[in-house]
Amino acid sequence: MTTAHAGQPLVVSVPDPTYLAPLSDIEGVEVVVWNLASPHARAAEVRLAVTPYLGSVSLRDLTPQVPALEVLQLQSAGYDHYVADVPPGVALCNAAGVHDASTAELVLTLSLASLRGIPELVEAQSRSEWLPTSIRPALADKRVVVIGYGHIGRAIVRRFLPFEVEITVVASRARAGDDLVDRVHGIDELPELAAAADVLVVIVPLNEATRGLVDAGLLARLPDRALVVNVARGPVVVTADLLAECASGRLRAALDVTDPEPLPADHPAWTTPGVLVTPHVGGATTAMRPRALALIRRQAEALRDGEPLVNIVNR
């Protein structure tokens, strides 16, 4: 990356005015508000553009407007829907690290809610019905397998450990453990590990290697009454296969991402027994904004100074 032109500020665009004040003190950087959807008077000067968190941007429409663009900074960890259309020479950076806390909190919430039957209890409350006490599964003593051990995977494991569970993590390749786990297992070990998973958490990026990873064959290896929690991308799980297992009563599922997304009103995922659906809200908490601002600041300063960027996903 090049340094800012002598005497010229580095122009950074942010999607709404709430970003301005927290970033206004970066020396040598001028921040302008632009949602990347409509024309902007300063578009030709923008060298670092930050996409909106909610919604997507058409890069094909954007490219002719931003001849100086060097960095496109996403506010999502997922980036699969942008890679193919990134202009040549532009670094695409995701928001790895920004959503760790929020997404990990949701995984824990979905797991506890599903195991303890919270959706059924909420439905009973809406009917003013006091359900008889029944023995529900606890999270304690469960064998949890987390597929994906990047930033968010580690945050998930960190939050599960105090709940007295047995944690196993799986990544694209086997490697030594760290301060949280003794060992990181390779993806080739997943079928064997799934056979002992009471809770299977999916947090891998969507690519050709992971599309359809959780299919009928893998689901069949899970123990009866296992819970599948997907906070990755919908197509990582074969939806029809998972719903068939849940409809039979053998498995349960908690899904923050789905395929298709958003779910049509008549989609069977809404009504299949044992399926808890949240509308892709994993990162949408108050924890997101300060972490996003810190990342944008770091990237702007690096681009200004000719230093390496972080989170480049299209090298």
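The numbers here are math on the coordinates, done by the rules we state, and not lab data. These figures come from a predicted structure and were not determined experimentally. Here the Cβ is made from the backbone with ideal geometry for all residues, glycine too, and neighbour counts use every protein chain on show.
Under a 5 Å amide H to amide H cut-off, with H placed in plane at 1.01 Å, what residues pair with Arg225 once short-range neighbours are removed?
Placed amide hydrogens put Leu251 under 5 Å from Arg225.
What residue among Arg127, Arg291, Arg233 shows peak mean-square fluctuation when the chain is described by a Gaussian network model with Cα springs under 10 Å?
Highest fluctuation among the options: Arg127.
For Cα pairs less than 8 Å apart in space and 6+ apart in sequence, what is the mean separation divided by the residue count of the chain, i.e. the relative contact order in percent?
It comes to 18 percent, rounded to a whole number.
Modelling each spin label as a point 7 Å along the Cα-to-Cβ direction, I'd like the Glu192/Glu208 distance in nm, to one decimal.
2.8
Could you list the GluC sites (Glu not before Pro) in region 14-48 that lie in coil according to DSSP, counting only those with at most 12 other Cβ atoms within 10 Å of their Cβ?
Sites meeting the loop and neighbour criteria: Glu27.
Only counting other Cβ atoms within 10 Å, I'd like Leu106, Leu121 sorted with the fewest neighbours first.
If I rank by nearby Cβ atoms, fewest first, I get Leu121, Leu106.
How big is the dipole moment of the chain about its Cα centre under a simple scheme where the beta carbon of each Lys and Arg is +1, that of each Asp and Glu is -1, and everything else is neutral? Debye, nearest 20, please.
Taking the Cα centre of the chain as origin, the dipole is about 200 debye.
First select every other residue whose beta carbon is under 12 angstrom from the beta carbon of Gln8; then total the charges, Lys and Arg +1, Asp and Glu -1.
Result for the local shell: 0.
Under 5 Å between amide H atoms, partner at least 5 residues away or on a different chain: which partners does Val29 have, H built in plane at 1.01 Å?
Long-range HN contacts for Val29: Leu10.
For a quick check, take a GNM of the chain with Cα springs below 10 Å and name the residue from Gly234, Gly282, Gly177 with the largest mean-square fluctuation.
Checking each option, the largest mean-square fluctuation is seen for Gly177.
Comparing Leu161, Leu131, Leu276, which has the greatest mean-square fluctuation in the GNM of the chain with Cα pairs linked when under 10 Å apart?
For the chain, modelled as a Gaussian network with Cα springs under 10 Å, the answer is Leu131.
Under a plain spin-label model, where a point goes 7 Å from the Cα along Cα-to-Cβ, how far apart in nm are Arg298 and Leu180?
1.6
Among Ser128, Ser13, rank each residue by its count of other Cβ atoms within 10 Å, from fewest to most, as a rough exposure measure.
Least to most surrounded, the residues fall as Ser128, Ser13.
Dividing the alpha-carbon Rg of region 100-277 by 2.2 N^0.38 Å yields what?
Ratio of Cα Rg to 2.2 N^0.38 Å: 1.00.
Using helices alone, I'd like the mean residue ellipticity at 222 nm for the chain: each DSSP H run of four-plus residues gives -39500 (n - 2.57), total over residue count, nearest 500.
Here the helix-only value at 222 nm equals -7500 deg cm²/dmol.
Return the FRET efficiency for the residue pair Arg143, Glu123: r is the Cβ-Cβ distance, R0 is 22 Å, and the value is rounded to the nearest 0.05.
After rounding to 0.05, the efficiency reads 0.15.
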